[in-house]
Amino acid sequence: MTDAPLLDVQGLRVAYTTRAGEVPVLTGLDLSLRAGEALGLVGESGCGKSTVALSIMRYLGRAGRITAGRILFEGRDLVSLDEGALRALRGRRIAMVYQDPMASLNPVMTVGRQLMEVPMVHERVDAAAARARALAMLREVRLADPEAVMDRYPHQLSGGQQQRIVIAMALIAEPALLIMDEPTTGLDVTVEAAVLDLVRDLRRRHDSAILFISHNLGTVARVCDRVGVMYRGELVEEGSVRQIFTDPRHPYTRGLLDCLPTSGRDKRHAPLIPIAGQVEPASARTPGCGFASRCPHVETGRCTTRAIALATVEDDAGHRVACVRVDELAQASRRRATLAVRDAQAPTAPVIAVRDLHKSYERRRARLAARKDVVRALVDVELTAARRRTLAVVGESGCGKSTLAKILTGIEVATGGSVTLDGIEVAALPVDARDRTLKRKLQMVFQNPDSTLNPSHTVGYAIGRALRRLRERAPADVPSGVARLLEVVKLGPEMAARRPRQLSGGEKQRVAIARALAGDPDVIVADEPVSALDVSVQAAVINLLNEIQAERGTTLLFISHDLAVVRYLADHVAVMYLGTVAEFGAVERVFAPPYHPYTEALLSAVPVLDPDAAASRIVLEAPLPRGDEVPRGCPFATRCPRRVGTVCDDVPPPVQQLDGGHRIARHIPAKELAARQVPL
Amino acid sequence: MARFVAKHLLFLLLTLLVVSFLVFTLNEFSPGAVARKVLGAYATQEQVDLLTTQMGLDRPLLVRYVDYVRAVLSGDLGQSARFKAPVRDVIARHLANTAFLAAIAFACIVPLSMILGVMAGMREGSRLDRVILILSTVVASIPEFALGVFLASVFVVWLGWLPGTATLVAGGGWSVAAQLVLPVAVIVLFDAGYVVSMIRASMVEVMQRPYIRTAVLKGLSFRRVILKHALRNAMLTPITVIMLQINYLVAGVVVVETVFAYPGFGRMMLEATLFKDIALVEAGALVAVFLAVVTNILGDLAYVLLDPRIRA
Amino acid sequence: MTTPETLTPIAADVVVPSSLTTPRAGGFAGWRHLALVTESVPATVGLAIVLAWALLALLAPLIAPYAPNASDLAALARPTPSRAHWLGSDHLGRDLLSRILWGARPVLVIAPLAVLGAAALGSLLGLTAGYYGRWIGLVITRACDIVLSFPVIILYMIILAHFGSSAWNIIGVLTLTKAPIIARIVRGMTLDLREREYVAAAKMRGESSLYIMLVEILPNARGPLIVDMCLRTGYNVIIIGVLGFLGIGLPPPDPDWGGMVKDTYGMMMVWPHMALVPCAAISSLVVGFNLLAVGLRELGLRD
């Protein structure tokens, strides 16, 4: 290994031309990467991290333009390379792995051909040799039955398998630099853990340098040696994983970490502290620190007049920070806000009681297939939600958590079993058949900020319409009602005139919450309300939900795949797997041994920020079973790391009742499990 | 696959039944009308009544429709009043002429629009794209008769290179091949303009897909990216439309056939309609719909063959 | 060449302030839309052509130099363009310019009216088919497919030959044959839009199906709908011309562009201008509508 870095980005400036004029996205970025090293690049959406990746690949589209700076790779400046030279580098010396693997693979070409193409184009090997290489690579990314996979089309593979193919395609030419842009975003947490594990492993074997881009600080901690934090097109802090996560210096990095519901935090003990304000658009850049307008330590003048360069922190080699006040800020002045501790343990009467709930769909396997599958979305679901408390339903995609929400809200009806809402049976009651009082009792907050509000209607109309329908408000009273609701969700009254496209994601989600509150509901069902938001915005919305609950006594049914958020926010938790409830109970009991083996796997898969997090992790290598592969016995049997034998496949596991209403469905006795499991 | 074919055949049958019934009803709106149309305006009412009874036209509509379907199924399409010949022969002759014209036009349209559409769509916003987009839009906007007039005024009136009619009878010093040039040119220009913009739009969309980025960043040449990765995906949406052009080419070229006095199916239908040759109109409509539905099925089939996601 | 109207910033990293992409409320909405149209060259040109024809048609009684059906016997001998007849005159000695101007009137009434009818009927069918799905949707889709599978020109010939051709009949036939196309587009969009979360939210506050279809779904389908209505108007102009050319269009003697071509086409070898002038008129109007559609689609894609 030579001293010269493999990749050296110097003063990179990139701008996009938009209708509003030229918008600078990167404003003088410096970073370097040595051979074999893994650098994580983190930041919230819009910070320019993906642009870094695309600039290195020289793939900015027609709107993007590198306006200044150099990108030295193996001593050559990529900025000035011509198409031919770029082609020779792309895919061979620098390869890329993308966020959405399904979209990144050609749908009408077998994955085998897509893999073989790389050595055939770059090394001019024949088809047989390319096939051998592809097969070897598929084995390396731990895909079962590589021969069969070669002939599959992308749609025939699961998301995890697709991402393994993309990784194989990137590594097949043994590149010196691998750029991964959000490679696990959108994958289920257990799949993500397996993919990250694979990346860590392959890195050691192939000695490729990795530029790992992610919004998720935990995933970066798992794969990388060093971390760079980006804000508004600049690197604001850079250092080893340990330096950044245990001793952050830049106020933005600190703010970011304070927003994370990391393990050990919950709403009672260490509330999240959102960063004030919101990211200002790149076109509104002022000289000086980009973070100045939101920084709690800002000092007008010093911070706001001229550009601030990265400088090495004293006595901390390799740790660079772009903050003029870095030495003045106390080393670990991490803020700790305290909210009034609320007694969460006092039991209250249940508002929602779900018993033996079943839901199945008929689905045709493909457009032309004759056979229909019966998909069992919910099987024997049983749980209760206590008044004024938060019940979290957690699980991976396909576990039935959203179906449960749809039945509660009446958008779909159950095929069997019972759901009571304040004693009223609603399982078979579609929303049209519910009367106004019942509709008012339960409202919903949805997942996708871009689809939750009608783009054709103003905010005021959306909230006002809900007021009129659910509260029978006279039209004259509506504006004041809208303003009051906007105030509850901490938005100004001027928002009423805006349309959704003029709002940020966090604002849209607040408006959606205001709309749900219009009927003054007893229960709010929130289906992944924060999963599409950036962490700092996420923290603010979570806090808002919490406050609303405290003030209005609303029961919250919080549906999420994110265990960190659930652990932070919930009072009770139901862990779901393939339509069944694997475990149910108070949050502190569910997230402590004895666990259901699935809960254990989920918890162990959550990426943690601790660079010392040990390896005692459980990785589920087997993919989620498809409809007809689900065993008759325990649905988790095909992937369970603690399988005891054929009893798991054949006999549905008994539900074991533990202390405090904690229930687990599995074959292994609780005591035995507790003895084998460690707290995660 | 069997299910696919069965479903489509069922739809074909259903469509033919509905259309034949509608046309039948329309043509025989009032019992006396048919005989009146056959005999013309100068026949006496007695003659009309007599013929009505002779033809069995005083029976209920549904009964006559069933009889009609039975006759059609046994291959008897009736007699054409306009051409004084069995309807079957009249249709066969004109359809063959049109098929000939359509085949030549189709053989030009498909490659031409694929090349132009792909070239335009592969670099959206490039000069080439703008030129192709605007040209194809303009050409597709000119009605066929106007295109015919424009081309004829240049090549027939002004330059005198080509004949102004295509009667398929060699004469006046013009070969049949020379006669075909203008009709084919009009059809190709008008229709390709539309198909080009379809393919271009699809290509533009495909070029923005992440898998094209994957292909480029694998280090493939632009040519390889287009031919191996973009082309097949870009043809998925337009393939159905392309197959539907067969339908237009056979049944929709009335205007071109009229402009150039080409003895084809469309002009036959026009004459039959204007002459109130009911047997011919009914049979012709059935043939046209049959063709339309079959091309629809062909389009769906082609789509299935191109897209592995549907074969599953 | 990178003209500003063809840029497609697709990068995820660009955060454009909302105040720049969408002017805040205030001012007349129509002017903002007009300003948007001028960002696309094809849309501007198309709109200009269409507006110019609309103006000419509107002012025809004032600006046409002759009555549309008046014969000038002097021009019969020499019908070519002259100082008296700028565009020449036809085989009956009628002034072509006047006939073209008057001929724009029926086209510019019938074509848009038929499109409005088709849009109303088609939207209703498409919304119903898409929103309810199941068998209602299936029946509507199949019915539309049957209408669409019928070669349009032959359909017009059969229907118009039976019912005679009048402006209202043409509007009726055009409406019926174009509605399925619009229905198909609206159905496709409805299938997508009905799954949006704001539709679920509307259901949860107890809105009626009609409200959801008309207030929550239809406004969000307006973009593609408007583009398609432009295209349909252009095609309607073509069809009106074709019907005239085939002799089943608007009844003579009032000027009809297609009919003018039909009457004079036989004299191409001698007096080509008689057919060329109406052909140029109809072509330019259709080009206008289609360019407008292309431009609007281009603008819509960038939102």
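Values in this text are rule-based calculations from the coordinates and carry no lab data. Keep in mind it's a predicted model, so treat the numbers as computed, not measured. Counting neighbours? That spans all protein chains shown, and the Cβs are built from the backbone with ideal geometry, glycine included.
Assorted remarks:
- The spacing between region B:242-280 and region A:493-508, judged by their C-alpha centroids, is 57 Å.
- For the protein assembly as shown, the share of DSSP beta bridges that are antiparallel, to the nearest 5, is 65%.
- A straight Cα-to-Cα reach below 12 Å connects A:Lys441 with the aspartates and glutamates A:Asp422, A:Asp520, A:Asp522, residues fewer than 8 places away in its own chain not being considered.
- Region C:172-247-region C:48-82 distance, computed between alpha-carbon centres (Å): 37 Å
- Rounded to the nearest whole Hz, the Karplus-based 3J(HN,Hα) values (6.51 cos²θ - 1.76 cosθ + 1.60, θ = phi - 60°) of region B:6-11 follow the sequence 4, 4, 6, 5, 4, 5, with x at glycine and proline.
- Extension gain, A:Ala622 to A:Asp315, is 105.9 nm, computed as 0.36 nm per intervening residue step minus the present C-alpha separation.
- Cβ-Cβ FRET estimate between A:Arg19 and A:Arg205, R0 fixed at 35 Å, reported to 0.05: 0.15
- Each residue, B:Ser221 and A:Ala85, gets one label point 7 Å from its Cα in the Cβ direction; the gap between the two is 2.0 nm.
- Positive-end residue of B:Met268, B:Val169, B:Ala96, charge dipole of region B:88-276 with Cβ unit charges: B:Ala96
- Positive-end residue, chain B charge dipole about Cα centroid, Cβ charges, pick of B:Val250, B:Val131, B:Gln208: B:Gln208
- Modelled FRET efficiency - R0 45 Å, A:Ser32 with C:Leu36, Cβ distances, 0.05 increments: 0.50
- Calculated P(r) of the protein assembly as shown - Cα pairs past 52 Å, %: 37 percent
- Cβ-Cβ distance of C:Ser166 and B:Ala43, R₀ of 25 Å, FRET efficiency by 1/(1 + (r/R0)^6): the value works out to about 0.40.
- Among beta bridges from DSSP that stay inside chain A, the antiparallel ones total about 60%.
- Pairwise label distance in nanometres, A:Asp450 with A:Glu174, each label 7 Å out on the Cα-Cβ vector: 4.1 nm
- Residues whose amide H comes within less than 5 Å of that of A:Arg152, counting only those at least five positions distant or on another chain, are A:Val111, A:Gly112 (H built at 1.01 Å from N in the peptide plane).
- In order along region A:312-327, phi translates into HN-Hα couplings of 5, 6, 4, 6, 9, 4, x, 10, 10, 9, 9, 8, 6, 9, 3, 6 Hz, rounded to whole numbers, per the Karplus curve 6.51 cos²θ - 1.76 cosθ + 1.60 with θ = phi - 60° and x for Gly and Pro.
- For region A:34-50 versus region A:6-23, the inter-centroid distance based on Cα atoms is 15 Å.
- Label zone (A:His155, point 7 Å along Cα-to-C-beta; backbone nitrogen cut-off 12 Å) within region A:81-101: none.
- Under the simplified labelling scheme, the A:Ala353-A:Gln657 pair shows an inter-label distance of 1.4 nm, with each label point 7 Å from Cα along Cα→Cβ.
- Sequence-separation-based contact order of chain A, relative, with Cα cut under 8 Å and 6+ spacing, percent: 12 percent
- Across chain A, Cα-Cα pairs more than 48 Å apart make up 18 percent of the total.
- Distant-in-sequence amide H partners of A:Tyr231 (H built 1.01 Å from N, under 5 Å): A:Val236
- Amide hydrogen neighbours beyond the local backbone of A:Ala38, cut-off 5 Å, H modeled: A:Ile210, A:Asp225, A:Arg226
- Applying a threshold of 26 Å to the alpha-carbon distances of A:Lys439/A:Lys508; A:Lys267/A:Lys508; B:Lys7/B:Lys228; A:Lys401/A:Lys508; A:Lys49/A:Lys508 flags B:Lys7/B:Lys228 as lying beyond it.
- When you filter the GluC sites (Glu not before Pro) in region A:429-494 for DSSP loop state and at most 11 other Cβ atoms inside 10 Å of their Cβ, you are left with A:Glu472.
- Within straight-line cross-link reach of B:Lys84, aspartates and glutamates at Cα separation under 12 Å, skipping those fewer than 8 residues along the same chain: B:Asp277
- Here C:Lys262 is the anchor, and the aspartates and glutamates within straight C-alpha reach of less than 19 Å, apart from those fewer than 8 places off in the same chain, are B:Glu144, B:Glu257, B:Glu271, C:Asp90, C:Asp95, C:Asp254.
- GluC sites (Glu not before Pro) within region C:175-268, DSSP loop, no more than 15 other Cβ atoms inside 10 Å: C:Glu195
- Karplus (6.51, -1.76, 1.60) ³J(HN,Hα), θ = phi - 60°, over region A:142-156, in Hz, Gly and Pro reported as x: 6, 8, 6, 6, x, 4, 5, 4, 3, 8, 7, 9, x, 5, 8
- Taking the charge dipole of region A:554-680 about its Cα centre, with +1 at Lys and Arg Cβ atoms and -1 at Asp and Glu Cβ atoms, the residue from A:Cys640, A:His572, A:Leu556 reaching farthest to the positive side is A:Cys640.
- Counting only other chain Cβ atoms within 10 Å of each residue's Cβ, the peptide A:450-458 averages 6.
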